[in-house]
Structures are given as C-alpha cells and as structure tokens.
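Step one of this worksheet: look at the structure below.
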Amino acid sequence: SESVRSDGSFNESLRNTSHQLVITEICFKSKCYFRNEINVQKNDKGDCFHQPRVRGEDSFEEAPMYVAVLTYMNYGIVILFGYFRDFLRAVGLEKCHQAQEREEQKDFVPLYQDFENFYKRNLYTRVRDNWNRPICSLPGPVFDIMERVSDDYNWTFRLTGRTVENVINMGSYNYLGFAENNVDLLKTVAEETRQYGVGVCSTRQELGNLSIHEKLERLVAEFLGVESAMAFGMGFATNSMNIPALVGKGCLILSDELNHTSLILGARLSGATIRVFKHNNMQSLEKMLKEAICSGQPRTHRTWKKILIMVEGIYSMEGSLVRLPEILELKKKYKAYLYLDEAHSIGAVGPIGRGVTEHFGVDPNEVDVLMGTFTKSFGAAGGYIAGKKELVDYLRSHSHSAVYATAMSPPVVEQIIRAIKCIMGVDGTTEGQRRVRQLAENTRYLRSRLKKMGFIIYGNQDSPVVPLLLYLPGKVGAFSRAMLKRKIGVVVVGFPATPITEARARFCVSAAHTREMLDKVLQSLDELGDYIKVKFSRHRSSYRPELYDETDFELDS
Amino acid sequence: MAAGQQWVLVEMVQAFYEAPAYHLILEGILILWIIRLLFSKTYKLQERSDLTEKEKEELIEEWQPEPLVPLVSKDHPSLSYDVVTGPPSHRIIVNGKECINFASFNFLGLLDSERVKLKALSSLKKYGVGTCGPRGFYGTFDVHLELEERLAKFMRTEEAIIYSYGFATIASAIPAYSKRGDIVFVDEAACFSIQKGLQASRSFVKYFKHNDMEDLERLLKEQEIEDQKNPRKARVIRRFIVVEGLYINAADICPLPELVKLKYKYKVRIFLEESMSFGVLGEHGRGVTEHFGVNIDDIDLISANMENALASIGGFCCGRSFVIDHQRLSGQGYCFSASLPPMLASAAIEALNIMEEDPGIFRVLQDKCKHMHKALQGTPGLKTVGEPLTPALHLQLENSTGSRTNDLKLLRAIVDYSLDRQIALTLARYLDKEERFLPPPSIRVVVTVEQTQEEMEKAAQCIREAAVKILK
C-alpha cells in the first residue's frame, strides 16, 4: 500500500509541476504589470522616498578625520590595557579564566600561539555579550532572547532562565518573512516530516536522491528562469565544494575583495590562481582581465585555461549591489566566466524577487553560474547552483557535495518549495509578491530615514542589508547593549570581519517588519545616535570614487 | 696650511688647461658614464610588456578559453541517479521498485522513529524551519545549546560544538588548529572530508599506510630526527594525527590504544573522525574510545556527523573546552554558515534520548553486523572488506577486469540484479580524480537494526546469486 501511496504523490507532484509551468508563464507575462504597479503605488502615495530606479548607486560616505584618529586611539588604549592585564596574569595578580591545557600535555607544542589569542582575550571578551545571544523563539520580526549574565567578566555566561520577550529582530536574514510558524502555512512541511522524518542517511549519488530533491531542483530552475539547477545541503558548502569542480590549476579566479569566506575557501581549494580586484571597481577588474590575457600564466606565460570572475549579488557587510551590467560587458569582452553568489540577493531584490539579474533587467542565462542560498529569503537551509544544463550535469557527476555529503533534509526541502511557490504565486495567492514589495518599501523607508537622521549608511538604496557605521570599538558594545535595553536586537560587527576602522551595526530589513516596528527602531536609533554620538554623516561624497558614470550604460528604463 | 692647499688647487686648474683635448673628452665620457650608472636601475623591477594597445587587443581577440565545464556524456555512470520516492527508510522505493534498504546509513533505524518525528514536529511548530542567521548573529537557539550539552554529556567530554553540515565538521575543525607549517600525519584511507580539511589547512601532510602503526612510527621518528636538527623550529610546529574511528572507505577500526601510546611518546595530538562509529561501537554507542576502553580525554578532538546513526543532519566536535571553544571563532563552517535548523537539532536530541534509554540497541546492531559479515563470506567472485563489527561493509571484486569502468559496470549489474529482487544496494561512490588514494570499486552493504535475520539471509543469498550469474 505504501508503494501505491508514494507513486500517487509522485504523480501528483508531476501534475503540480506542469501546472506550475502554466502559472509561471502567466507570472512572467505579468512581470511588467507588477513593475508598473510599484511605480503607481509610489506615485499615489506621493512618497518622498526615492523613485524605484533600476540602477541604484552604492554610497560609501567617508567619516570625518577625527573619527579615524579616535578609532585608532581607542584601539591603542585597549591594546595597552591588554598588555598590562596579560602582565598581571603572568605574575599571578589577575585570575586567568581561560580554559587551560591538560597537565599531561603541557610539554606538547602549544596548540595556540599566544598572539593568536591576544585579540580574543583582551578585546573580544570585553564585548563578547553582543554575539551568540541565544534565542528561544521563532526568528521572525520579533523574537525572545534568553537573558544571560556573566559572573566573570564575559569569560562564561550563565542563563538566568528569564527571557527578554518581544525584542524587535533587526539581525536575522529573514528578508521575505518566511521564518514563520503559522500552522496552515507549514502544513506541507509538517506532512513531509511525518512521512520522511528529518534525515536522509545517504548521499545524492548513492541512495539519497529523493524525488522531492528533483522536484525542488526543477522548481528552482524555473524560478530563476534558467535551464537547470542543483540544490545542496549547506550554503557555505555550496561555494566551497563546487568551485573546485569548475576551475583548477591553470585557471584564474578574479575575486572581489569583499567576497564571502566560502567563496574564498572554494577558490583556495580549487588550486586555481586567485587575484583580487577592488570592491565593485570595474577599472580594477578590467585592468586585471587585460593583463591576465596578455601575459598569461606567471612564469610559463602559457595562456590561461579559463578565467572566472567571482562576485556577490549583495555584499553582506557593505550592503552594496554588484555592478552586474558592467561586469557582464567585461565578461563578454574578455571571454571570462561569471560566478554570481546571490546569497543575500535572491528573493530580496528585483521587482518580483528574482535577484540581481532581474533588478538590473539582465537575462539570467547570461550569468554562467548562478549560486544562492535558501537560508535567507526562503527561511530554510542550503544552497543551489543554477545555469545551463551542461553545467548542472557536470556538477551532478563531479560536485564534491553530490558524492560525499548527505542529501538535504526533506522538511527543509519542502519549506523551500513552499517559499518559492509563494513568491511565484503558484500557491494561488499574491502573498509572495506582496512581501517582495513590502521588503522593497521597508528597505527604502529605513534607509532614507536613517540617512536623514545623519547616520553614515553604506550600500545601495535597494539593498535590505543596511550597515550603519559606528567606527569606534567602544561604541560597538555600547550601541548593541543600549539597543537591547530598548528591546531591539541588532547585529554589530567589527574587526576582523570589517576593516579595523570601520566597525558597524548591520540591520537586515524584513518584509515582516511593520511600519510601527521600523518607526520604533528609528526612534530609538535617533535618540541613541545623539546619546552615543554616532551621527557622523556630513553628506560628503564618497571616498571610493565612482569609476563608471551612470550614463555609461543605457539599460532597461 | 691654507696657502699650501691653494697652491694645489692652482696647479690642478693649470693641469686641466694643459691636458690634451682627447684626454678631457675621455674623462668627460667616463664621468657621464658614472652618473648614468648611478641613476639607472641596475635591474628591471618587473618585466614590462611592451605590447602596443593593438597587440593587446589582438591577443585578447585570439584567446579562446576552455569551456566552463567539459561536456558530460549522457551515459556517464554518475549522472543518472537512482531515484527514491517516499522515505529512504527500512522499506524504500528505488526507481519505482519497493526494496529492503541495505544502503542508507540509518544504522539505528531512527529515521522512521515516531518519537523523533513528533519531536521534530513540535519544534517546527515553535521555531519554523530556518534559523536565518549564523550562530553569532541570533542563530543560536536554546535547542542548539541543549544539543551541545547533551552531546558533551553523552560522550563524557567537557564541551561539544555543532555544525550544520556533516561534511563541513571535520573539514572545518582541522584548519582551525593546523596551520601552514604544521604537520599532520594521516591514514591513507582517510575520508574525503578529512582530505579537504587538510587541503584547507595548508599544513604539511604525511600519509601513513592504512592502520599500519609501524609506518606511522617510522614517520614520527623521521620527524624526531628532523626536530633535533632544528630544535627552535620544532618548538612551534604543531603535530597532529588524524584518523577515523571506523573507516568509511575500508570498513575497519583504527588501532586506537597504539595510537594513544604513540601520541604520548612523540607528543602528537590525535583528531578522531567518528562518523561511522558514533552510535555504533561501544556498549553505549560512544564510539571507538568506548570500544577500546580508551580514556576519551586522551583524544584531543572527536568529530562525527549526526547524519548516520542519529539520522538527522549536521555534525559535531567534542573534547575539552580548551580545544573545542577555539572553533567558535575559528571554525569556518561554524562561524560563517547559518546554524542548524532547530527541528533537526530537536530530532537529534530525541535520537540521543532513545540511544540513552535503550543501550541494548547497540548490542543488537553489533550482532546483526557480525551476522551479515558472516553471511556474506564465501560469495563467489566477491570479497567482503571490513571487520565483523562494521555496519557498512564493502564488497569488492576478487579479480578485477583491469579497468575501473568495467569493474564498476559488473558491480552495478549486481546492484541492479538485487534491486529487481527487493534488495536495495548501492555502489560506493568516489570522485576518481580527486581522491588522494582511490579505493577499489565496491558495493556498499549497510546493516541496520531494522533488518531481520531473514532479510539479511535473503540479501546475502541474492548477492550470491547475482555474483554467480554476473561474474561467472
């Protein structure tokens, strides 16, 4: 009986897919309609925010000189204190809370070099309470944080058992609000859990290739408008385990300087030569491309086998958008290949949520490798690679992940299918599109209000990743703690995730944020910004020169 | 004195006037030469390509890159996957045929456990699916903390850390400790994720023969001699031995007591990968340390995935806080990846509950493993690779045809024959070009507690028939 049931559901899924195809067609036809609608809406409201433009500008306002000086001084003082306290620890005046090596292994070569830990011991520990805050609810627009205290100056934390309830969540990558626990919406996910359990216990190439994996892959390809796609269990690993399958020795990778660690790791594991170009700097990229082709590989001067340009759609720490049209021009001119990591941009930008390709009005088939994650906009886990059928077929047979890693968990797969269907409107509602529009609206609202308040905000006006520059390491901790006191959970990042002088807070806007929530956040920020003095903006132009004029490219208007 | 000097000067000027013209010209040229030498670069700092713009354009025009990926032929053996419809549990539907599963690493049968499913469902109801953030940025949930605590308690170690992907666990853990210049001694049969971890660490890797302690000691001795030559350098080079508890590629157990002896003798740390042995070996399923009765504190780091015996997703590392805590800032797969979906963590917790409540389950599994191992002995043309206690055996060809492709075809024929007779098997898959030491082609036979005696007999019988028919 089981076999009959399963066959039935399989057929049903097939039927569903053909059904989807029809609906997507309609959906694509109505693309223009959606776009128009956005414009109309804005005009109706007489909104004072920026009109939606296809090409947004990335801004990187420079901080006043005194801020940089103060930042260095700030670090100087903390480091001096660090040395002083290390001295006290060495002579036994201060208790050392750090975990110690076993007695039996004291004569081994030390596992860590002392200077490796200096930063962690003396700088990070001071502000450690601002990270890894445990939560005990859905990571939706509001969440509950478990209260924790430290009895030993942040060396260890103790949970008090109390929770800080209804904290506004400005930290999670819940762009489209699919981190939700509504029973009706999660009905299919619950069904899959009941039927499949949570694991798979095998790899895709062995016996872990479930029909729902294939269903997901067809849907992702359809969603992105490309021939084929393959899904993987972890976003990080999608990069680090597939790049080595695409390039190798004798190939060149041109990588943006702000690329994510997973891309860097993948590039390193591939064995290809890596060169780094300046962030979003087309002149730097073109110079490198030209140089690479003209002089070939180092020493031997053999020609490169292939050149792969690696960029991200939205840069997660800068909030900037890739200059996709320019890169595509360069890629065509120099016959390079393009690897586009849409971890943060898929679902989050573009009039109907198809990512940066749609945002720029570019045919997704022009990008050779489309990569993205399901962790963010889709509220699930994992990643995909999509593109031409040959590419995906090659990965099916050569991806490290397909051969050695356990396949994706069925309930997670169902969550992604549910989210994508919702965005595509295949579920018969316009909820997905409402969310995409809501996100765009929320993003512009938050960004423009923050700018007006005088904060230095990095990145593109359409990017839901909103970095607010704090600069001084002392303000990082103060900011995050004060915000939590006002029941707002924010993410703060400093060195080494950012340049040493550019510590920042990062907000991730969600479609699930209501106007009231955003207003509360803005009001708190306004007060706090004055109180801890982080409104550094003087509306000066960027120190990162805009190297290409807006008017260089005539695109989809 | 002053007058004398003046006189010399006058004489010099006079000599200048009196000197013949050719001499002056020669001197002049020499002086100019010296100046030129002083101001010109003695060597070219970098080779300048004196290509004109036009030449450059021509070069760019002429350059033809290789295609991004080579074309995969349609009949590539690893392109057409077997399709499983419905859950991959004890009874599995492969390519439309209902079979008994002898291929998934669902050793304890926890994949179909109602309890685990219910726990996952209640977690789903509370937390939704995704965590929408890495552990550092509000991706730490109470269930993650609980799971870490439970794993540490189960393994009787100070601390545990969870990763959201099994493969990334040891692959991130190794480079968190072992850096450029450090030395890692690795077994030749080490699995692919260890190999990737080593590659990412950029350390100096020395392979020893599979489970050959003499060979390992030879390498350690060599290193000792090397160290004596340069004691200052030796004081900062970290050394590690990386082994698997139960090798996935060789299906045998590492000689842990000997390894621990070598560890203290040569002052090398041991990292132990237990993905196949966690929840399998030992009286309480604690793995190879319990199997041998080795003090778990003698192992510096144990890593395992939660995708086999625990039938969830993800992996974990455990050991002393001194070691493990370092990964919270240095484990790349931990810091830079979204955390494990809470429902998967909850499922793992419930699976641990079941393992703790019913330790008899490990005995059952071990007995079944032994039974299967015995039943497969004497299959004509196939040799059973692996120890009696291992739940994932390999069947290799006794006589290779000499070509890997043909060997694989033969084995695949056996798998297909079995599939038609309700026995789901699979080939062990590898990336031929990427593996450091490519294992011979084999069929994987996985034992789980759900398989009955009769089913195992039937499977063994079926494989025997297939072997007789296909290998002749």
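Within region B:200-257, the set of residues being within 13 Å of chain A (Cβ to nearest Cβ) and on the phi > 0 side of the Ramachandran plot comprises just one member, B:Arg202. Scanning region B:123-144 for residues that are touching a Ser or Thr at 6+ places or on another chain (Cβ under 8 Å) and in a loop (DSSP other than H, G, I, E, B) yields a total of 5.
For region A:112-166, residues that are of a type outside the set (A, V, I, L, M, F, W, C) and outside any loop (DSSP other than H, G, I, E, B) total 23.
Filtered by the rule that a residue be open to solvent by 10 Å² or more (accessible area, probe 1.4 Å) and touching a helix residue (DSSP H, G or I) at 6+ places or on another chain (Cβ under 9 Å), region B:432-447 gives B:Asp432, B:Lys433, B:Glu434, B:Glu435, B:Arg436, B:Leu438, B:Pro440, B:Pro441.
Considering region A:302-344 alone, what residues qualify as being under 21 Å from A:Ser172 (Cα atoms) and free of Cβ contacts under 8 Å to residues at least 40 places away in the same chain? Show your work before the answer.
Taking region A:302-344 first, the residues under 21 Å from A:Ser172 (Cα atoms) are A:312-321, A:341-344.
Of everything in region A:302-344, just one residue is under 21 Å from A:Ser172 (Cα atoms) and free of Cβ contacts under 8 Å to residues at least 40 places away in the same chain, namely A:Glu342.
Can you tell which of B:Phe102, B:Phe141 is at pLDDT 95 or above, more than 7 Å from chain A (Cβ to nearest Cβ) and buried (at least 19 other Cβ atoms within 10 Å of the Cβ)? Show your work before the answer.
Values: B:Phe141 fails: more than 7 Å from chain A (Cβ to nearest Cβ).
Sole residue among the options that is at pLDDT 95 or above, more than 7 Å from chain A (Cβ to nearest Cβ) and buried (at least 19 other Cβ atoms within 10 Å of the Cβ): B:Phe102.
From the list A:Leu93, A:Leu111, A:Leu123, A:Leu88, which residue is more than 10 Å from chain B (Cβ to nearest Cβ) and either under 17 Å from B:Arg328 (Cβ atoms) or buried (at least 17 other Cβ atoms within 10 Å of the Cβ) (or both)?
Values: A:Leu93 fails: either under 17 Å from B:Arg328 (Cβ atoms) or buried (at least 17 other Cβ atoms within 10 Å of the Cβ) (or both); A:Leu111 fails: more than 10 Å from chain B (Cβ to nearest Cβ); A:Leu88 fails: either under 17 Å from B:Arg328 (Cβ atoms) or buried (at least 17 other Cβ atoms within 10 Å of the Cβ) (or both).
Answer to the check: A:Leu123.
If the condition is being surrounded by 21 or more Cβ atoms within 10 Å (Cβ to Cβ) and either under 24 Å from A:Arg194 (Cβ atoms) or outside the structural domain of B:Ser312 (by the TED database) (or both), then region B:145-165 contributes B:Leu147, B:Ser164.
If A:Glu104 passes every condition in (1) in a helix (DSSP H, G or I); (2) more than 26 Å from B:Ile174 (Cβ to Cβ); (3) facing chain B (nearest Cβ under 9 Å); (4) open to solvent by 30 Å² or more (accessible area, probe 1.4 Å) but one, which one does it miss? If we test A:Glu104 against (1) in a helix (DSSP H, G or I); (2) more than 26 Å from B:Ile174 (Cβ to Cβ); (3) facing chain B (nearest Cβ under 9 Å); (4) open to solvent by 30 Å² or more (accessible area, probe 1.4 Å), just (2) comes out false. If the condition is being touching a Lys or Arg at 6+ places or on another chain (Cβ under 8 Å) and closer than 30 Å to B:Lys209 by Cβ, then region B:420-472 contributes B:Leu425, B:Thr426, B:Leu427, B:Ala428, B:Asp432, B:Pro441, B:Val447.
Return the residues of region B:53-70 that are outside any loop (DSSP other than H, G, I, E, B) and among the acidic types (Asp, Glu); say none if nothing qualifies.
Taking region B:53-70 as the starting set, the residues that turn out to be outside any loop (DSSP other than H, G, I, E, B) are B:53-62.
Listed by number, the residues that qualify are B:Glu53, B:Glu55, B:Glu57, B:Glu58, B:Glu61, B:Glu62.
Run down A:Leu321, A:Leu289 and say which single residue is aliphatic (A, V, I, L, M) and within 14 Å of chain B (Cβ to nearest Cβ).
Numbers: A:Leu321 fails: within 14 Å of chain B (Cβ to nearest Cβ).
Only one candidate passes the filter, namely A:Leu289.
With A:Thr303, A:Thr261 as the choices, which residue is within 8 Å of chain B (Cβ to nearest Cβ), more than 30 Å from B:Cys335 (Cα to Cα), hydroxyl-bearing (Ser, Thr, Tyr) and open to solvent by 10 Å² or more (accessible area, probe 1.4 Å)?
Values: A:Thr261 fails: more than 30 Å from B:Cys335 (Cα to Cα).
After applying the criteria, what remains is A:Thr303.
Considering (1) in contact with a Pro (Cβ under 8 Å, 6 or more places away or on another chain); (2) at the interface with chain A (Cβ under 8 Å from one of its Cβ atoms); (3) buried (at least 24 other Cβ atoms within 10 Å of the Cβ), the lone condition that B:Ser123 does not fulfil carries the number (2). Inside region A:382-394, residues that are among the aliphatic types (A, V, I, L, M), part of a helix (DSSP H, G or I) and either facing chain B (nearest Cβ under 7 Å) or in contact with a helix residue (DSSP H, G or I) (Cβ under 6 Å, 6 or more places away or on another chain) (or both) make up a count of 1.
Among the candidates A:Val413, A:Val349, the residue that is outside any helix (DSSP H, G or I), touching a residue at least 12 places away in the same chain (Cβ under 8 Å), surrounded by 24 or more Cβ atoms within 10 Å (Cβ to Cβ) and touching a strand residue (DSSP E or B) at 6+ places or on another chain (Cβ under 8 Å) is uniquely A:Val349. Within region A:220-239, the set of residues being open to solvent by 10 Å² or more (accessible area, probe 1.4 Å) and either among the polar types (S, T, N, Q) or at positive phi (or both) comprises A:Gly225, A:Ser228.
Of the residues making up region B:86-99, none is in contact (Cβ under 8 Å) with a residue 40 or more places away in the chain and either in a helix (DSSP H, G or I) or within 30 Å of A:Ser316 (Cβ to Cβ) (or both). Counting the residues of region A:150-185 that are touching a residue at least 40 places away in the same chain (Cβ under 8 Å) and within 12 Å of chain B (Cβ to nearest Cβ) gives 18. Checking each residue in region A:488-514 for being at pLDDT 95 or above and surrounded by fewer than 18 Cβ atoms within 10 Å (Cβ to Cβ) picks out only A:Thr514. The set of residues in region B:191-218 being more than 19 Å from B:Ile302 (Cα to Cα) and charged (D, E, K, R) consists of B:Arg202, B:Lys206, B:Lys209, B:Asp212, B:Glu214, B:Asp215, B:Glu217, B:Arg218. Could you please find all residues in region B:203-237 being modelled with pLDDT of 95 or more and part of a loop (DSSP other than H, G, I, E, B)? The answer is B:Ser203, B:Lys209, B:His210, B:Asn211, B:Asp212. Name, by its number, the condition in (1) at the interface with another protein chain (Cβ under 7 Å from one of its Cβ atoms); (2) open to solvent by 60 Å² or more (accessible area, probe 1.4 Å); (3) more than 33 Å from the chain's Cα centre (by Cα) that does not hold for B:Leu71. Looking at each condition in turn, B:Leu71 falls short on (3). Screening B:Thr401 against (1) within 13 Å of another protein chain (Cβ to nearest Cβ); (2) outside any helix (DSSP H, G or I); (3) among the hydroxyl-bearing types (Ser, Thr, Tyr) leaves a single unmet condition, (1).
Tell me yes or no: at least one residue of region B:177-193 is free of Cβ contacts under 8 Å to residues at least 40 places away in the same chain and surrounded by fewer than 21 Cβ atoms within 10 Å (Cβ to Cβ). Taking every residue of region B:177-193 in turn, at least one turns out to be free of Cβ contacts under 8 Å to residues at least 40 places away in the same chain and surrounded by fewer than 21 Cβ atoms within 10 Å (Cβ to Cβ).
Would you check if B:Gly402 is of a type outside the set (Ser, Thr, Tyr), in contact with a helix residue (DSSP H, G or I) (Cβ under 9 Å, 6 or more places away or on another chain) and at positive phi? Considered against the rule, which asks whether it is of a type outside the set (Ser, Thr, Tyr), in contact with a helix residue (DSSP H, G or I) (Cβ under 9 Å, 6 or more places away or on another chain) and at positive phi, B:Gly402 comes out as no.
Looking at A:Glu192, A:Glu206, A:Glu147, A:Glu217, which is the one that is without any contact (Cβ under 8 Å) to a residue 24 or more places away in the chain and either at the interface with chain B (Cβ under 10 Å from one of its Cβ atoms) or buried (at least 18 other Cβ atoms within 10 Å of the Cβ) (or both)?
Details: A:Glu192 fails: without any contact (Cβ under 8 Å) to a residue 24 or more places away in the chain; A:Glu147 fails: either at the interface with chain B (Cβ under 10 Å from one of its Cβ atoms) or buried (at least 18 other Cβ atoms within 10 Å of the Cβ) (or both); A:Glu217 fails: without any contact (Cβ under 8 Å) to a residue 24 or more places away in the chain.
One residue alone meets the criteria, A:Glu206.
The values are calculated or read from the model by the stated rules, or taken from the named source; none is laboratory data. Just so we're clear, the structure is a prediction, and the values are computed from it rather than from any experiment. Virtual Cβ from ideal backbone geometry, glycine too; neighbours counted across all protein chains shown. Each accessible area value is taken on the protein alone, full model and side chains, heavy atoms only, with ligands, DNA and RNA left out. Shrake-Rupley method; radii C 1.70, N 1.55, O 1.52, S 1.80 Å.
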